[in-house]
Each structure stands twice: as C-alpha cells, then as structure tokens.
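Notes to accompany the following structure.
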Amino acid sequence: MNAMLRRVLAVLVALTVLAPALYAQPVIGVKKTVVREMDVVPGCSYNTTATVTLIFDGDVVLNFTDYVAYPEEGDVASTEPPASSLVTGNLRATTWRNLNVTKGYSLKYSVPSRSLFNVSVQLSADGKPLKLNCSSGYCVAQALKAKTLEYTLTVSAIDPLLSKLQLPISVSWSVDPAYLYPVAYSENPQSVRESGTEVSFQWSSVINGSYSLSVVFEIRGENPWGEVAVSPPIVTVTLDPRVQAALMSRYKSFMYKFLESNLGNLTQLEENVTQLRDLLYNLSKGFGEEASMLESAAGQAEQASSYMFTAAQQIKNLSGRAGSLRGEAAAWLQNASELVAKAKEALGSASRNASLTDEKVKKVLAALNSSAYVNVSAVTSLIEVSRNQLGEVEGLLERYKSILAEIEGLQGQASEAAENLASGAQRLRLMSSMLREAAYNLRSLSEGLARAASLIDSSLGKLSKLGSSSVMPEGFDEYNRTFYSQVAVSLTPGVELRTEMMGEVYYFSLPYIKVKRSVPDVSGVKLESPSRRVASAWPLALLVVFAGAALALGKRGSRQSSPASEEALSRIRSLKERISRIEVGVGA
C-alpha cells in the first residue's frame with residue numbers, strides 16, 4: 001500500500017513539473033526596424049514612406065498582424081503580399097496569413113506614412129538668395145560668376161507631440177574640395193575629415209521644436225558645362241524613445257555630479273537652504289509689521305498736521321479780529337482823551353473866572369438891588385472836584401492805552417505762534433510723507449523677501465523631487481506608448497509573437513542641386529564644310545576596313561599561322577599608324 005502511494009505521488013510530481021513544458025505556447029521572437037524616408041523637393045509636396053523590416057526567430061506557419069504608427073492611406077509594397085492593410089486610428093494594421101517563416105527569415109514592406117517634419121532648403125550665392133527649380137529629385141539654379149554658396153537647412157516638427165520633445169538629429173555631409181570647400185558654419189561640426197578627393201563633416205544635435213544649420217562654401221571649380229554640383233547632406237532623426245531616455249538619464253547623472261561638485265552635499269545644502277528660507281520668512285514678517293507701524297505713525301502725524309494747520313488758521317483769524325478791535329478801541333480812547341483834555345481846559349478857564357470873592361459878589365448884587373445868592377466858593381469847589389475826576393478819567397484812559405499796547409504785543413506773538421504752528425504742521429506733513437515712503441520701502445522689502453522665500457521653497461520642492469521624479473519632457477509617455485504600440489501580434493492559436501523594436505529613424509532624402517555658374521565659351525569652335533567632314537572621315541572608314549581584315553586574319557591565324565599572315569599583320573599596323581598621323585593632320 002505504501003509503495004503504491006509513493007508511485008502515485010511520484011507520477012503527480014512528474015506531471016506537475018512536465019505539464020508547463022508540454023502545454024506551453026511556442027514564442028517566436030521578431031526583431032523589428034522602422035525606417036521612415038521623406039522625399040524632399042523644395043516647392044513640391046513631401047512624400048513619406050515607412051519601410052518595416054521583420055526578422056523572425058523560429059520556424060512556423062504564421063498568421064499575424066503588424067502595426068505601424070503615423071499612418072496614411074495608400075498602397076502597401078511587400079516582399080510577401082499581405083492579406084489586408086487597413087488604417088485604424090493612429091496605427092496601420094497589415095495582416096499576413098499562412099506565411100511560412102523560418103529562423104532568420106526577413107519580411108520587408110513599405111507603407112505611406114504621415115510626414116512628421118517640415119524641411120526647408122535655401123541656397124544663396126554671394127549673399128543673394130537663389131531660385132530653385134526642382135523636378136525628378138534634383139534642383140537647378142543660376143548664379144553666374146558666384147564666389148560663395150550658402151546652404152541653409154531647417155527642420156521643424158509638424159506633429160504637436162514631437163514638437164514638445166528633444167529628438168536627436170544627425171547631419172553628415174561630404175563634398176568634393178575641387179569644386180566646393182566649407183569656410184563657415186552656423187554651428188561648428190563635431191567631426192571633420194579631409195582627404196584629397198573628399199571633405200566630410202558631421203553634426204549631432206537635438207531638435208527642440210526646430211533645428212537650423214547653415215554652411216558657407218567657397219566655389220573652387222566647375223565642370224565642363226559651367227556647373228557646380230552641390231551634394232545634399234544626409235539628415236536622420238532618431239524616433240526611438242530609448243535613445244532620448246538614455247540621454248536624459250545621462251543628463252540627470254551629470255546634473256547631480258555638477259550640483260554636488262559646485263554646491264557640496266545636496267542633503268546638507270537642502271538643510272541650509274531650508275534655514276535660509278525660514279530666516280527670509282521671519283524677516284519678511286518682521287519688516288511687514290514695521291511697515292504697518294510706520295504706516296500708522298504716518299497717519300497719526302498727518303492727522304496732527306491737519307489739527308495744527310486748523311489751529312494756526314484760527315489763531316490767525318483771532319489775531320486779525322483782535323487787531324481790528326484794538327484799532328477801534330485806540331480810536332475811541334484817543335477821542336476820549338481829547339474830550340477829557342478839552343474838559344480840563346474848560347474847567348481851568350472856569351476856575352480862573354471864579355476868582356472873585358464872595359463879598360464882591362454880594363456887593364455887586366446889593367448894588368443891583370438883587371436878592372439872589374451866589375455861592376462862588378461852592379462853584380469853585382465843584383470845579384476842582386470835576387477837574388480831579390477828569391484826572392482820574394485821564395489816568396484810566398492811559399491804563400487803557402497801555403492795555404492796548406500789551407494787546408498789540410500779544411497780537412504779534414499770536415501771529416508768530418500761528419506761523420510756528422503752520423511751519424510745524426508742514427514739517428509734520430513732510431515727516432508723514434517720509435514715514436509713508438519708509439513704510440512702502442519696508443513693505444516692498446518684506447514682499448521681496450517673501451517672494452525669495454517662496455522661490456526657495458519651490459526650489460526646495462523641486463530639489464527634493466529631483467531624485468524621485470522623472471526628468472522626461474512633457475508628452476514623453478505618450479510618445480513612448482506610440483513607439484511600443486508598433487508590434488506584431490500573432491493570429492495563430494498557440495503561437496505567441498514577442499516583438500523587439502530594434503530602432504526607428506526618420507531619413508530625409510534631399511535633392512542634388514546644380515548651380516549654373518558660367519556659360520561655356522564656344523567662340524573658338526569652327527564649323528567644317530561637308531567636303532572637309534568627308535575628307536576627315538575616310539581615314540576612319542579605312543581604319544574600320546583594315547580592322548575587319550585584321551580580325552579575319554587573326555581568326556585564320558588562330559587556326560593556322562604562316563609567315564605571310566604575320567607580314568600582312570605588320571603591314572596593317574603600319575597602315576594604322578599612318579592613318580593616325582593623317583587624322584592628326586586633318587584635325588589640325
């Protein structure tokens with residue numbers, strides 16, 4: 001029983017191990033290359049063809065569909081006729097059925113493709129642009145007696161996705177130094193190789209939306225027809241995202257090394273920059289508070305200045321009113337003083353007239369038989385009293401005058417005080433303006449520090465994400481998906497195709513250009529008469545006859561050689577030399 005159980009377990013283990021190998025699908029590897037060739041004829045439409053090469057690594061009868069991006073409607077040309085070829089969205093699906101492939105079998109087909117770039121070719125002679133007339137793959141232009149030619153090539157991306165990327169571009173050029181020699185470049189080439197019959201130079205750069213290159217050639221010679229042939233450059237753009245990813249990875253590594261070599265340890269740098277950011281934020285906050293305090297002080301100073309201006313105006317008004325009243329009071333006092341003086345003078349006269357004694361008055365009255373009684377002493381006494389009172393009034397008037405003089409002094413002081421108040425108010429207003437300007441400067445400094453701190457904060461964020469985030473440009477992911485969507489898919493049950501993209505390049509087929517530089521001189525060529533042409537032609541006819549005879553003799557001599565035939569051949573050679581001399585004489 002135990003032996004039976006062990007056999008069953010052994011069989012189960014064997015089935016478990018061998019089953020995946022027995023039922024696994026065969027995997028056929030496919031190496032795929034896509035070459036897009038764009039025929040460029042200036043002034044005409046551009047035609048682009050995508051040529052796909054598939055190399056299979058296996059033996060199988062296969063049904064499959066191959067996909068190519070950036071399609072355009074048109075016929076397909078293939079080493080094996082496909083069953084169908086349809087455009088579906090951004091891909092072209094070409095299907096083959098019952099295709100017998102073996103290991104190393106190569107299938108090549110070409111389909112129309114959408115033009116992804118725009119190419120401009122401009123030619124100038126001695127700084128003047130030339131008009132190119134193009135057809136059948138070459139162009140002609142005319143530049144008589146030109147000394148230099150400038151060839152300008154501009155490549156720009158048409159597809160919006162490609163315009164956001166930096167695509168590697170390679171330009172190779174070879175010219176014959178007997179006719180053209182490069183003397184100036186808009187961009188120095190990475191390599192230059194010169195030999196006796198060829199000058200070659202090459203550029204490697206990137207298309208960042210567009211790429212332009214200019215080369216100035218010195219014209220050193222021309223062909224017998226007075227033409228200078230300008231060979232086109234070989235221009236290729238790599239559409240393989242792996243190349244761009246490798247370049248960006250190298251750029252990222254170089255950037256890290258550059259930062260560390262110039263800034264030291266990035267972690268320590270990040271800590272120091274964080275402290276600087278916090279310091280800037282604190283300074284910005286402090287300067288902002290100082291600016292608010294200065295703005296408040298400026299407002300208070302301006303308000304105090306306004307109050308002082310009002311007080312000064314009121315004092316000026318009061319001083320003016322007091323001056324007016326003082327003038328009126330002075331006039332009144334003057335009039336009163338004059339009246340008092342006149343009263344005193346009248347009382348003096350009355351006192352002098354009252355010098356008669358009381359007895360004299362009585363006698364006069366008795367002589368007049370008058371019973372009236374006049375008390376002259378009482379009158380004199382009243383006059384004296386009145387005079388005394390007038391003296392008191394006069395003293396009071398003098399006091400009033402002195403008070404008015406004091407008021408006049410106070411009025412002057414009040415005017416001076418009003419001027420001082422106005423001057424102080426003006427200074428306060430100026431100080432308010434200075435405080436506001438200082439507050440504005442502090443506020444600007446605070447905002448500038450805040451912006452600097454914010455910029456440092458943003459830089460810190462980018463620096464912290466530098467190690468983890470992708471440095472690929474915008475649109476690279478979609479570009480990468482488009483590239484890897486170009487796969488071969490098996491339609492045969494039980495067979496899987498694994499596509500390995502070997503690369504994708506875009507090649508520009510530029511036209512040859514012939515520049516007419518001079519017109520051949522035919523003035524020295526003489527036209528011959530018919531008789532002279534016949535005379536010059538008969539030696540050639542004799543030469544043909546003798547050559548035929550020599551050929552016949554040669555054939556006979558090959559079968560049988562004799563001294564007579566050798567002598568005949570010698571005579572024929574002598575005749576040929578004489579005919580040659582005759583031709584030379586005729587030509588002269």
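Measure up Lys31/Lys103; Lys108/Lys164; Lys131/Lys516 against 21 Å on the Cα-Cα distance and list the ones that go over. Over 21 Å Cα-Cα: Lys108/Lys164.
Across the stretch 35-188, Cα pairs under 8 Å and at least six residues apart give a relative contact order of 22 percent. Each Cα pair under 8 Å and six or more residues apart adds its sequence gap; the mean of these over the residue count of the stretch 24-117 is a relative contact order of 34 percent. Were the residues from Ser415 through Ala311 laid out at 0.36 nm apart, the gain over their Cα-Cα distance would be 36.3 nm.
The amide H of Ala146, built 1.01 Å from its N in the peptide plane, has no neighbour under 5 Å, considering only residues 5 or more places off or on other chains. Here the accessible area is traced with a 1.4 Å probe on the protein chains. For the stretch 106-198, carbon and sulfur cover 48 percent of it.
The values are calculated or read from the model by the stated rules, or taken from the named source; none is laboratory data. The model shown is predicted, which means the values in this text are computed figures rather than measured ones. Areas reflect the complete protein model, heavy atoms only, side chains present, ligands, DNA and RNA absent. Shrake-Rupley method; radii C 1.70, N 1.55, O 1.52, S 1.80 Å.
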